[in-house]
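The values are calculated or read from the model by the stated rules, or taken from the named source; none is laboratory data. Computed from a predicted model, the values in this text were never measured in an experiment. Cβ sites come from the backbone with ideal geometry, for glycine too, and all protein chains shown count toward neighbours.
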């Protein structure tokens, strides 16, 4: 952004002062050098590679199709399948917004998305990498968002209860709780 501002400032300055073409070419060289100094290509490439490298969560023990859906107040949550891995459990979900207001799936810093199994609650594990396909925090008006919810490793042979609590519209006090019981 700084390079663009410098470019326009120097360009208009050149026109006002009727500088020569060679002076303008020098200005272009300065802008190019400043832009390249501020952009560390290797650093950016490293950050992108980090986003594309998934953490190994072990072998898949079971992939269970669920296809459960709930709609409340213009918010539709669909759970399509659950992947039980050695070290983690991934729940694939889609949230659809049927209204003109933005939906907050995780409205507070202490998100209330959890899975319960055998009387114990397991909170959602935070995931930031693109390849982990995390479910976004919000859904735009009349839009939809898909992704995975990540939890500690669970037993694929026991019942579990997925809870998305306190889902709400941005700026609204009313909350909706979505609970899915998977046998």
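Screening the stretch 173-183 for residues that are farther than 19 Å from residue 92 by Cα and either in contact with a strand residue (DSSP E or B) (Cβ under 7 Å, 6 or more places away or on another chain) or surrounded by 13 or more Cβ atoms within 10 Å (Cβ to Cβ) (or both) and picking the one that is modelled with the highest pLDDT gives 176.
Yes or no: residue 92 surrounded by 14 or more Cβ atoms within 10 Å (Cβ to Cβ) and on the phi < 0 side of the Ramachandran plot? Against the criterion (surrounded by 14 or more Cβ atoms within 10 Å (Cβ to Cβ) and on the phi < 0 side of the Ramachandran plot), residue 92 qualifies.
Taking the options 141, 156, 107, name whichever one is assigned by TED's automatic domain parsing to the domain that holds residue 64, free of Cβ contacts under 8 Å to residues at least 60 places away in the same chain and touching a strand residue (DSSP E or B) at 6+ places or on another chain (Cβ under 9 Å). Write out each step before concluding.
Numbers: 156 fails: free of Cβ contacts under 8 Å to residues at least 60 places away in the same chain; 107 fails: free of Cβ contacts under 8 Å to residues at least 60 places away in the same chain.
Testing whether each residue is assigned by TED's automatic domain parsing to the domain that holds residue 64, free of Cβ contacts under 8 Å to residues at least 60 places away in the same chain and touching a strand residue (DSSP E or B) at 6+ places or on another chain (Cβ under 9 Å) leaves just 141.
Residue 40 meets all of the listed conditions (1) surrounded by 15 or more Cβ atoms within 10 Å (Cβ to Cβ); (2) at pLDDT below 85 but one, namely (1).
For the stretch 157-173, a residue qualifies if it is in a strand (DSSP E or B) and either on the phi > 0 side of the Ramachandran plot or under 21 Å from the mean Cα position of the chain (by Cα) (or both), and the qualifying residues are 162, 163, 164, 165, 166, 167, 168, 169. Here residue 148 passes the criteria (1) more than 17 Å from residue 87 (Cβ to Cβ); (2) under 11 Å from the mean Cα position of the chain (by Cα) except the one numbered (1).
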